[in-house]
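Right, one structure below, let's go through it.
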Amino acid sequence: MKFIEINIINLYKKIIKKYYNNESFVLFKKPYENKIYFYSCSNNRKIKIKENFFLIGSFNHKNIIKIYTNEIYFIDIKKIIFSKKLITIPSSFLDISFSHLIYSYEYKKLLKKAIRFIKNNYFKKIVLSRIIKIPFQNFYLKKTFQKLIFSYPNSFISLWYDFSYGFWIGASPELLIKCNNKKLKTVALAGTISTLENKNKWTKKEIEEHKIVIEYITTFLKKYYSGILSIGKTKILNLGTIAHLETPINFSFFKKPNFYEILENIYPTPSICGYPKKKSLDFIQKYEGYNRNFYTGYFGPVDKINMELYLNLRCARIKMDKKEINLYAGSGITIHSNVDQEYLETENKIKNIFSKFIFN
Ligand SMILES: C=C(O[C@H]1C=CC=C(C(=O)O)[C@@H]1O)C(=O)O
């Protein structure tokens, strides 16, 4: 596979060409790296290198997109001169006004119902979510992408387009799996606080919901695979106005596993679905009341020996034709949850990403 460095002007030319040809593409930057990669499909080319692609899966597993690429282009972000204006522009969110975060009576009712189910021992944890639709006049995808890169160096920044599903943009803090040969890396990421209100005040609730994810992942690995498990120290991941608990988990397999089989079985984890899996998934499908689509799905680059997938969180779907942005956020509900606080958590997560979106 060829890696080709290009400059930003040529990259934008390529993107525009792809878009007008209705061809899929993705731009992404991995956490803590300085490169933006560009994968794109070509409708014309008959020979596709089947081993290199960007995989995108929806939450319900029904929609799978593979962006096969014959060349991988990249740009070095150290060579991009970000405009000062972009960095210092105050949050567009302030202009858009809080009125868009419509009070959702229905969502609070759903949270209450989930807590009732937990109290009746139906499940231990469930991650519920909601969608917010915001109309726009002028939305700047390019500047927003750059702003996300600049604002969240510890996240997986992505912008992808597919003719059937439109544009999706986001800054996800959560690695699902990174597999290479006999090694697997993952994280348990769950438990959120607002850094504006509670400076490092982690309660029983966040610690509990985080523990459920660690237990789920480690039990899964030990049950199905032989190898050496190592659980790292729990850290705090800061993302602007919110912070999460994050625990790295590594596994060395004695025998090279099938990565697709791992994906199939580990997903969806209790950081986006719940525990036990089947019961929480059924509840989501029955009561959440909207289609999550690619939100809480997974995505990332795959080749012959590597699979590096992230969960699609802190993301938005941009409907260019309708001039509407769909934003998504959820939170983990446990026995210790408080309805108003869970509601506020989804609001904070939405504000956190939306505040980086650039309009007029
Ligand atoms: C489901 C989301 O977050 C998950 C990932 C990290 C922390 C979470 C939490 O604290 O609830 C969620 O499990 C979301 O951001 O929409």
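Do we have Asn352 as farther than 30 Å from Asn181 by Cβ, within 11 Å of the ligand (Cβ to nearest atom), touching a Gly at 6+ places or on another chain (Cβ under 7 Å) and not in a loop (DSSP other than H, G, I, E, B) here?
Numbers: farther than 30 Å from Asn181 by Cβ: yes; within 11 Å of the ligand (Cβ to nearest atom): yes; touching a Gly at 6+ places or on another chain (Cβ under 7 Å): yes; not in a loop (DSSP other than H, G, I, E, B): yes.
Against the criterion (farther than 30 Å from Asn181 by Cβ, within 11 Å of the ligand (Cβ to nearest atom), touching a Gly at 6+ places or on another chain (Cβ under 7 Å) and not in a loop (DSSP other than H, G, I, E, B)), Asn352 qualifies.
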Sole residue being part of a strand (DSSP E or B) and within 15 Å of the ligand (Cβ to nearest atom), chosen from Tyr310, Tyr290: Tyr310
Somewhere in the range 159-166, is a residue over 12 Å from the mean Cα position of the chain (by Cα) and either within 15 Å of the ligand (Cβ to nearest atom) or surrounded by fewer than 14 Cβ atoms within 10 Å (Cβ to Cβ) (or both)? yes
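Can you pull out the helices (runs of 4 or more DSSP H) entirely within the range 83-148 that have at least 2 residues that are within 16 Å of the ligand (Cβ to nearest atom), at pLDDT 90 or above and of a type outside the set (Asp, Glu)? I'd like the intermediate steps shown before the answer.
Values: elements: 84-88, 92-96, 105-119.
Per the criteria, 105-119.
Would you point out which residue out of Ile284, Ile272, Ile266 is crowded, with 22+ Cβ neighbours inside 10 Å, more than 18 Å from Phe156 (Cα to Cα), touching a Phe, Trp or Tyr at 6+ places or on another chain (Cβ under 9 Å) and of a type in the set (A, V, I, L, M)? Give the steps one after another, and end with the answer.
On the way: Ile272 fails: more than 18 Å from Phe156 (Cα to Cα); Ile266 fails: crowded, with 22+ Cβ neighbours inside 10 Å.
Matching residue, one of Ile284, Ile272, Ile266: Ile284.
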Under 8 Å by Cβ, and 6 or more places apart or on different chains, what pairs join a residue from the range 187-209 that is free of Cβ contacts under 8 Å to residues at least 60 places away in the same chain and within 24 Å of Tyr310 (Cβ to Cβ) with one that is more than 11 Å from the ligand (Cβ to nearest atom) and not hydrophobic (A, V, I, L, M, F, W, C)? Ile193/Asn200; Ile193/Lys201; Thr195/Asn238; Thr195/Gly240; Thr195/Thr241
Filtered residue count, the range 2-36, keeping only those that are in contact with a Ser or Thr (Cβ under 8 Å, 6 or more places away or on another chain), of a type in the set (A, V, I, L, M, F, W, C) and within 22 Å of Pro153 (Cβ to Cβ): 3
Going through the range 313-345 in order, the residues found to be assigned to a loop (DSSP other than H, G, I, E, B) and within 16 Å of the ligand (Cβ to nearest atom) are Leu313, Arg314, Thr334, Ile335, His336, Ser337, Asn338
Tally of residues being closer than 24 Å to Phe156 by Cα and within 14 Å of the ligand (Cβ to nearest atom) across the range 183-206: 11
Return yes when Ile353 is hydrophobic (A, V, I, L, M, F, W, C), touching a residue at least 40 places away in the same chain (Cβ under 8 Å) and either surrounded by fewer than 24 Cβ atoms within 10 Å (Cβ to Cβ) or more than 30 Å from Trp202 (Cβ to Cβ) (or both) and no when it is not. no
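Being assigned to a helix (DSSP H, G or I) and in contact (Cβ under 8 Å) with a residue 24 or more places away in the chain is the filter here; which residues of the range 216-230 pass it?
Residues satisfying the conditions are Tyr216, Ile217, Thr218, Phe220, Leu221, Tyr224.
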Within the range 226-244, the residues that are surrounded by 16 or more Cβ atoms within 10 Å (Cβ to Cβ) and either under 16 Å from the mean Cα position of the chain (by Cα) or more than 18 Å from Val213 (Cα to Cα) (or both) are Gly227, Leu237, Leu239, Gly240, Ile242, Ala243, His244
Confirm whether Tyr32 is modelled with pLDDT of 95 or more and exposed (fewer than 12 other Cβ atoms within 10 Å of the Cβ). yes
Pairs only if they're at least six apart or on different chains, beta carbon under 8 angstrom, first in the range 1-28 and touching a residue at least 60 places away in the same chain (Cβ under 8 Å) and among the hydroxyl-bearing types (Ser, Thr, Tyr), second surrounded by fewer than 16 Cβ atoms within 10 Å (Cβ to Cβ) and not in a loop (DSSP other than H, G, I, E, B); list them, first residue then second. Tyr12/Lys142
Check Glu51 against each of (1) within 29 Å of Leu239 (Cα to Cα); (2) touching a residue at least 40 places away in the same chain (Cβ under 8 Å); (3) surrounded by fewer than 17 Cβ atoms within 10 Å (Cβ to Cβ) and name the one condition it does not meet. (1)
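The values are calculated or read from the model by the stated rules, or taken from the named source; none is laboratory data. Every value quoted in this text rests on a predicted model; they were computed, and no experiment measured them. Every residue, glycine among them, receives a Cβ derived from its backbone with ideal geometry; neighbour counts consider all protein chains shown.
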